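The values are calculated or read from the model by the stated rules, or taken from the named source; none is laboratory data. Model, not experiment: these values are computed from the prediction. Cβ placement follows ideal geometry from the backbone for every residue including glycine, while neighbour counts extend to all protein chains displayed.
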Amino acid sequence: MPYTLRRILNSILLLLVTISFVFFAGRMIGDPALNMLGPGATPAALEKLRVVAGLNDPLWQQYLHYIGRLLTGDLGVSYRFGFSVIPAIDLKELGQPVINIVLERLPATFFLAGSALVVAVPLGIFMGVTAAAHPRSIADRIVTALSLAGVSVVQFWLGLMLIVLFSVQLGWLPTGGYGGFQHVILPALTLAARPIGRIAQVTRSTMMDELAKPYIITAQAKGVQNHRIVYHHALKNAAIPIVTMIGDETSALLTGAILVEKIFAWPGVGLLIIDSLSRSDLPLIQASIAVVAALVIIVNLLVDFSYRYFKPEIILGRGR
Amino acid sequence: MTGYMTRNQTIFRYAASVAMALVLSTQVMFAAPMKGELVVAVAQEPQDLAAQGAYKEVNAPGLRNVVETLIAQDPVSGNLQGVLATSWKRVDSRTVRVTIREGVVFHDGSRMDAAAVANSINWVWSLKNAFTIQEFAGSGEITARVIDSSVVEVSSSEPDPLLEFRLSLNGISSSKQIADNPAEHFSKPVGTGPYTFGEWQIGQYWTANYNADWWGLSSDDAYGTIKPDWTSLKFVFRSEDSARVAMVQSGEAQIAMFPSSDECDRAKKTDGYSCITGPSTTYLYGRLDHSLHADERLKDPRIREAIFKAIDIAGLVDLVGLASVPPGQLGPKGTVGYNPDVTAYDYDPEGAIALIAKAKADGVDVDGIKIEVVGRSSTPRIRPTVEAIGAMLNSVGIKTEIKVQTPQEFNPRVRIAGYANEPGRQMMQVHVKGNPSNDYGLLLQSNYACPSIDDPTGSSRSSVYCNEAFDAELANALKSTGEDRSAKLRKLVQTVHDRHLIVPLALLDRGYLVEDGIDFTFGSDHRFQAVYLGAAQ
């Protein structure tokens, strides 16, 4: 079986396992109807919800229905207004398809994660390359310290400190919310701190290995310009670990945006997950996590495929 | 060469996809606050904006600017006053006849007449519906019928001296909307208030716009201290305390809800804004398991008194911050049934030790007692509070186990449906309770009466106490009115105090950071209403 096809099938299987885990976990933490409506719900409201949501069916039947609906793009209906369930009204009229709610939030998450990557990737690579090109210099020490700080800093603390500095003290940027380019700067910086540090660390170490190889010395002996050696030869050959790290960090940005979205009230999928958890909105929790899981799996798949562009001589999967 | 081309293509694709994400995302932009807009940073997003939510201001902040009630509590005097009702009169113990204000229209243009009011009341209080107001405001279905175009008769299924108060809780909203588009009733409120609903950006904010056709602008008896003078209101959701405070500090919001006591102290030294605080009707209390499914040793009055004597209430108030020492009852002075002779439980650790020693000498297995002190994670400063209580009990020789549980874990444990499954329990639940009704009736019923799990509302009640004589006296008190009711409730308040059932730990204040130049008048219910909130004169 071709590698590409095998990787795609593996990814689909992984997604199915993740979705199944979320499905069963949601039903193992108690009565889903009671969780959704709360302890104050009347027996009539609870029963109404169980009937409408199919919660009275055997678990295996619920699961098969869920997977069947999933294949048609139907991830269920959110009972956002669940605490005010009115048996007189069809719950489906009150609810919204969860897939629509999640898709509405995705652009905000992409915007935030994309902005963080736009900052993190070039800056992290530049810092790493600079440090590797000048080992044990002041620049190297500064990069090492900054990258360590970026990896170690607690996002919650950093976000609040940025708010205090740029919003309260300097009055340059808004404290949060979603309203345009100026609103994304602080959350993107907060989110970018860790990937900047990690990309810089990986770039530094792989570039130092690469720059010590004989072909680099040969190129230097031939009088090739230093920046060309570093950026055109060494960096390309050191790209695979860096791209892998960028892929990892992209996945982490999608999932790790939860805390940053909460601090800055950024209406992305992360805030939606927190919101749906606090409301015990089971269909919305399932859909949000399924979509984020799908995105992470797609990113990882793309990273795998990208290896061929950087090292065409690598034929992935052969020899197994 | 091929390698460079491939890399460039990859970089181009990467840049293009990021640029596309940026372009797509920036299309969903929101307008910046304008002059004349009041921005309030609130602690949580409403569950919904249904008219019934007018009772829960903290959970649905600002809703009363759009949806009005028939009757409302004046934030300064606490007296009931007419809003959409011009007058009301008691017919009997179950019924009130209400005269409706004439000439008022809903924001969708439909008439606010007796038929619309009756529809709205029947919708909110119908037992077939499961609105949370029914849990909050006590049992008994309320129904309304039209007498003529401007008079409705509102009746409770049970004798109800608090019927007028209950009518001050539910918002009156458009019957047309309920008939035509009931789903929007939950997200796009249509009321009669001084502001019309604007938009609700889920996860961000909701807005309301000035209503130039509001009936109160041309009425001499409109409620409020001022005519509304904000062109729009914006309630921005920020769950992080620090983020709300930063919004006021940076000038993005004029008011921030519920800053910490430290932030309030800091505001005293800062120009531009100040912290204003006021008492709420919310108490922090400790409820100790008693007769229902509890360990038998907790029925021993000496053990109970010792536990209550071991708690340093004043110390806990300092720890909680923005709070005051409560009386030994869950209601402030002025509440019907308030007993002036009931004061806070004394802090007397030596007395507690002596009581325990006495019980031990009489053969009570005190060493086997291990009180589970449990708080709910959503309660402010709950971790240090339960830890302090645990340490206080330990100091007099009572073993404890400290827990802070999520609402999902905690809530079922404080309702009979949940704790019926925990026989022999030894729990002190540290929880909060509001008493906004100015009457001890509902509070005694929900906190001290023996709940039957078979009763329609029994399984969701919280009382841990079962005493038939007490229940009979309470049932009798609930049917009475006037001074007779006060006297009966006073006696019952004394009884529950003497039996050491619940220890009130703190009367919680609530605070706001408010930009200088804004007058904000609020009562113990802490509502954001533009008619009580304006530019300082």
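In the set (1) modelled with pLDDT of 85 or more; (2) surrounded by fewer than 22 Cβ atoms within 10 Å (Cβ to Cβ); (3) part of a helix (DSSP H, G or I), the condition left unmet by residue B:500 is number (3). Within segment A:108-152, the residues that satisfy the criterion of being aliphatic (A, V, I, L, M), surrounded by fewer than 16 Cβ atoms within 10 Å (Cβ to Cβ) and over 18 Å from the mean Cα position of the chain (by Cα) are A:138, A:139, A:142, A:145, A:148, A:149. Those helices (runs of 4 or more DSSP H) of segment A:211-320 in which at least 1 residues are away from chain B (no Cβ under 14 Å) and either out of contact with any strand residue (DSSP E or B) (no Cβ under 9 Å at 6 or more places or on another chain) or surrounded by fewer than 22 Cβ atoms within 10 Å (Cβ to Cβ) (or both), considering only elements entirely within it, cover A:214-221, A:239-263, A:282-310.
Filter segment B:156-172 down to residues that are more than 25 Å from residue B:223 (Cα to Cα) and either buried (at least 19 other Cβ atoms within 10 Å of the Cβ) or touching a helix residue (DSSP H, G or I) at 6+ places or on another chain (Cβ under 8 Å) (or both), then give me how many there are. So that I can check it myself, show each step before the final result.
Initial filter on segment B:156-172 (more than 25 Å from residue B:223 (Cα to Cα)): B:156-160.
Next, from what is left, pick out any that are either buried (at least 19 other Cβ atoms within 10 Å of the Cβ) or touching a helix residue (DSSP H, G or I) at 6+ places or on another chain (Cβ under 8 Å) (or both): B:156, B:159-160.
Of the residues in segment B:156-172, 3 are more than 25 Å from residue B:223 (Cα to Cα) and either buried (at least 19 other Cβ atoms within 10 Å of the Cβ) or touching a helix residue (DSSP H, G or I) at 6+ places or on another chain (Cβ under 8 Å) (or both).
The set of residues in segment A:121-139 being touching a residue at least 40 places away in the same chain (Cβ under 8 Å) and out of contact with any Lys or Arg (no Cβ under 6 Å at 6 or more places or on another chain) consists of A:121, A:123, A:124, A:125, A:127, A:129, A:133, A:135. Scanning segment B:306-342 for residues that are within 18 Å of residue B:386 (Cα to Cα) and either of a type in the set (A, V, I, L, M, F, W, C) or part of a strand (DSSP E or B) (or both) yields a total of 15. Checking residue A:135 against (1) more than 10 Å from chain B (Cβ to nearest Cβ); (2) in contact with a His (Cβ under 9 Å, 6 or more places away or on another chain); (3) of a type outside the set (Asp, Glu); (4) not in a helix (DSSP H, G or I), which test does it fail? Single failed check for residue A:135: (2).
Only one of the numbered conditions (1) surrounded by fewer than 20 Cβ atoms within 10 Å (Cβ to Cβ); (2) farther than 30 Å from residue B:262 by Cα; (3) under 25 Å from the mean Cα position of the chain (by Cα) is not met by residue B:335, and that is (1).
The set of residues in segment B:516-537 being in contact with a Phe, Trp or Tyr (Cβ under 8 Å, 6 or more places away or on another chain) and in a loop (DSSP other than H, G, I, E, B) consists of B:516, B:521, B:522, B:528. In segment B:233-264, which residue that is within 24 Å of the chain's Cα centre (by Cα) and of a type in the set (S, T, N, Q) is nearest to residue B:45 (Cα to Cα)? Step by step, filter segment B:233-264, then rank; the result is B:239. Residues being touching a Lys or Arg at 6+ places or on another chain (Cβ under 7 Å) and more than 23 Å from residue B:85 (Cβ to Cβ): count how many of those fall in segment B:44-73. Residues meeting the conditions: 0.
Quick grid of which residues meet (1) free of Cβ contacts under 8 Å to residues at least 60 places away in the same chain; (2) assigned to a strand (DSSP E or B); (3) within 14 Å of another protein chain (Cβ to nearest Cβ):
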site	(1), (2), (3)
B:371	no, yes, no
B:375	yes, yes, no
B:380	no, no, no
B:388	no, no, no
B:394	yes, no, no
B:397	yes, no, no
B:401	yes, yes, no
B:410	yes, no, yes
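Only one residue in B:78, B:62, B:103 is on the phi > 0 side of the Ramachandran plot and in contact with a strand residue (DSSP E or B) (Cβ under 6 Å, 6 or more places away or on another chain). Which one? The conditions single out B:62. Set side by side, the residues B:478, B:513, B:489, B:474 differ, and just one is assigned to a strand (DSSP E or B) and within 25 Å of the chain's Cα centre (by Cα), which is B:513.
Is segment B:55-69 home to any residue that is assigned to a strand (DSSP E or B) and at pLDDT 90 or above? Yes - at least one qualifying residue is present in segment B:55-69. Annotation note: of B:187, B:149, B:157, B:173, the sole residue that is over 21 Å from residue B:72 (Cβ atoms) and in contact with a Gly (Cβ under 6 Å, 6 or more places away or on another chain) is B:157. Residues in segment B:103-155 that are buried (at least 19 other Cβ atoms within 10 Å of the Cβ), aliphatic (A, V, I, L, M) and within 14 Å of chain A (Cβ to nearest Cβ): B:124, B:130, B:133, B:137. So the check is Cβ under 6 Å with 6+ separation or different chains; which pairs have a first residue in segment B:317-331 that's within 15 Å of residue B:277 (Cα to Cα) and a second one that's of a type in the set (S, T, N, Q)? Taking only residues 6 or more apart or on different chains, the pairs are B:321/B:261; B:322/B:261. In this structure, does residue A:198 turn out to be at the interface with chain B (Cβ under 10 Å from one of its Cβ atoms) and touching a residue at least 24 places away in the same chain (Cβ under 8 Å)? Criteria not met by residue A:198. Scanning segment A:163-182 for residues that are buried (at least 18 other Cβ atoms within 10 Å of the Cβ), in a loop (DSSP other than H, G, I, E, B) and more than 7 Å from every other protein chain (Cβ to nearest Cβ) gives a single hit, A:173. Residues in segment A:96-132 that are touching a strand residue (DSSP E or B) at 6+ places or on another chain (Cβ under 9 Å) and more than 12 Å from chain B (Cβ to nearest Cβ): 2 in all. Take the conditions (1) hydroxyl-bearing (Ser, Thr, Tyr); (2) touching a helix residue (DSSP H, G or I) at 6+ places or on another chain (Cβ under 7 Å); (3) surrounded by fewer than 15 Cβ atoms within 10 Å (Cβ to Cβ); residue B:87 misses just one of them, which is (2).
Taken across segment A:199-220, residues that are in contact with an Asp or Glu (Cβ under 7 Å, 6 or more places away or on another chain) and closer than 30 Å to residue A:103 by Cα do occur, with at least one present. Entry remark, segment B:265-291: residues being surrounded by 18 or more Cβ atoms within 10 Å (Cβ to Cβ) and more than 22 Å from the chain's Cα centre (by Cα) number 5 in total. Taking the numbered list (1) modelled with pLDDT of 85 or more; (2) closer than 30 Å to residue B:428 by Cβ; (3) of a type in the set (A, V, I, L, M, F, W, C) in turn, residue B:235 passes all entries but (2).
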